[in-house]
Amino acid sequence: MAIGKQKKSKKKIIIFSTIGVLVIALALIAFLGGKRDEIVPIQIEKASIRTITQSVTATGTLDPEFKVVITPEVTGEIVELPVKEGDFVKKGQLLIKIKSDAYRAQVQQSEASLNSAKATLSMNKAQLDKVTADYNRTKQLRAKNLASDSDLETAKSTYLSAKGAYEGAQAQIQQMQAALKVQLDQLSKTTIYSPMTGTVSQLNVELGERVLGSGFSQGTNVMTISDLKSMLAVVDVDENDVVLVSPGDTARIKIDAFGDKVFKGIVYQIGNSALTTGTSTQDQVVNFEVKLKFLDFDNNFRPGMSCNASIETKTLNNVLSVPIQSVTARSNISEAKQAQNKGQDNQVKKKDNGNKIQEIVFVVNKNKAKAVNVKTGISDDNYIQIIDGLKQGQEVVTGSYKAISTDLHDGSDVKVESKSKMYSNQ
């Protein structure tokens with residue numbers, strides 16, 4: 001029995017020993033593996049002095065600086081259309097004629113009514129002259145007591161009546177003259193001439209088509225005359241960026257139809273009225289219209305061509321800068337937890353900063369990453385200005401994105417690798 005118990009005890013010892021060895025081995029593997037995982041592969045670059053140009057990007061279309069939309073003021077059928085789209089026209093050249101029969105008839109009617117009123121005025125004038133003479137004669141006779149008061153009152157009444165009729169006829173003639181002037185004006189508007197020298201950039205009607213006048217509505221957009229020798233790039237700039245743009249700022253413009261060719265321009269005009277799309281939705285966008293004037297012009301520019309522009313809003317020379325991806329944002333509370341986990345004194349973190357977000361970069365010193373608070377300025381597509389927090393020549397972490405955004409912490413062990421090696425590992 002004793003021998004059996006001893007065998008069982010030995011078996012238990014062997015089993016528990018084996019389990020203990022396995023646990024220790026697993027712990028060592030996890031510990032060593034964790035140590036390897038804590039070494040973060042990074043890329044670095046030195047903070048250096050550069051010239052940084054801040055820019056605002058926007059998209060839009062080409063539009064003539066000077067253009068006139070032709071809209072008739074009278075309604076009728078087009079009976080003459082001597083131009084076509086693309087034609088060059090001079091100021092005062094005939095563009096369109098609208099059928100004028102009805103308007104000419106109205107003029108003739110008004111002229112006849114005016115002539116009739118003038119004849120009536122002549123009759124009233126003759127009657128007034130006769131009555132005036134009778135009234136004056138009666139006043140003389142009454143002064144000599146040769147006429148009664150009743151005769152004088154009757155003569156005066158007749159005179160005032162004739163005078164009223166004459167003045168009424170005069171007013172009627174003035175009214176008819178005004179009506180005739182309106183009719184003549186309407187008749188003249190059946191013929192439209194070009195208000196400027198330019199090109200018919202858009203033609204929306206055909207011969208025989210009926211157009212609506214703008215007297216009581218918007219009217220028909222017949223055609224557009226544009227000066228194609230003076231074109232603008234009209235772009236929409238986001239409300240957050242438009243405050244950075246000023247008249248005279250340099251712009252570099254790419255037009256889709258011209259490939260990668262870059263045209264120079266300047267900010268010519270900044271709109272004051274917002275252009276809002278998607279109102280009252282999550283996709284609401286507020287832009288402002290900015291007009292760019294070309295400094296180098298191409299005769300092949302056409303209205304409506306798509307373009308995108310980079311507006312240079314500010315340039316600073318000889319400023320300290322780092323790659324833009326090197327700057328990340330961290331909150332004080334997260335850094336406080338890291339310090340607490342490492343057994344560091346956390347009293348400093350208990351100040352009023354709370355969970356304030358701060359911009360930081362990670363500098364490298366003896367294979368250790370150190371989080372440094374920085375104050376940034378303007379930026380271009382690749383680099384950002386460092387106003388405070390760094391010195392020229394300090395090595396800052398530039399990659400990878402995952403390392404900068406999540407993996408790195410103050411005091412992390414790092415290993416510098418080349419870009420090609422990091423990309424192959426990813």
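Every read-out reported here was derived from the displayed coordinates using simple, explicitly stated rules and does not represent laboratory data. None of the values given here were measured: they were computed from a predicted structure. Ideal geometry is used to build each Cβ from the backbone, glycine not excepted, and the neighbour counts take in all protein chains shown.
Net charge near THR132: determine it from the other residues with C-beta under 13 Å of the C-beta of THR132, scoring Lys and Arg +1 and Asp and Glu -1.
Numbers: positive: LYS125, LYS130, ARG137, LYS139, LYS156, LYS163; negative: ASP129, ASP134.
Within the 13 Å Cβ shell, the charges total +4.
Test of understanding: what is the full-extension gain from LEU152 to LEU94, defined as 0.36 nm times their sequence separation minus their Cα-Cα distance?
Numbers: separation 58, 0.36 × 58 = 20.88 nm, distance 6.64 nm.
Taking LEU152 through LEU94 to full extension adds about 14.2 nm, to one decimal.
Fewest first, what order do MET196, MET176, MET223 take by the number of other Cβ atoms within 10 Å? It would help to have the intermediate numbers written out before the result.
Numbers: MET196 14, MET176 19, MET223 25.
Ordered by Cβ neighbours within 10 Å, fewest first: MET196, MET176, MET223.
Lys pairs in the stretch 101-188, Cα-Cα under 27 Å, at least 8 apart or on separate chains: how many?
Number of lysine pairs found: 16.
Just to verify a number: FRET efficiency for ILE39 and ASP283, C-beta to C-beta distance, R0 = 30 Å, to 0.05?
Working: r = 44 Å, r/R0 = 1.48.
With a Förster radius of 30 Å, E is 0.10.
Taking the Cα centre of each part, how many Å lie between the stretch 133-177 and the stretch 47-115?
Cα centres, the stretch 133-177 to the stretch 47-115: 58 Å.
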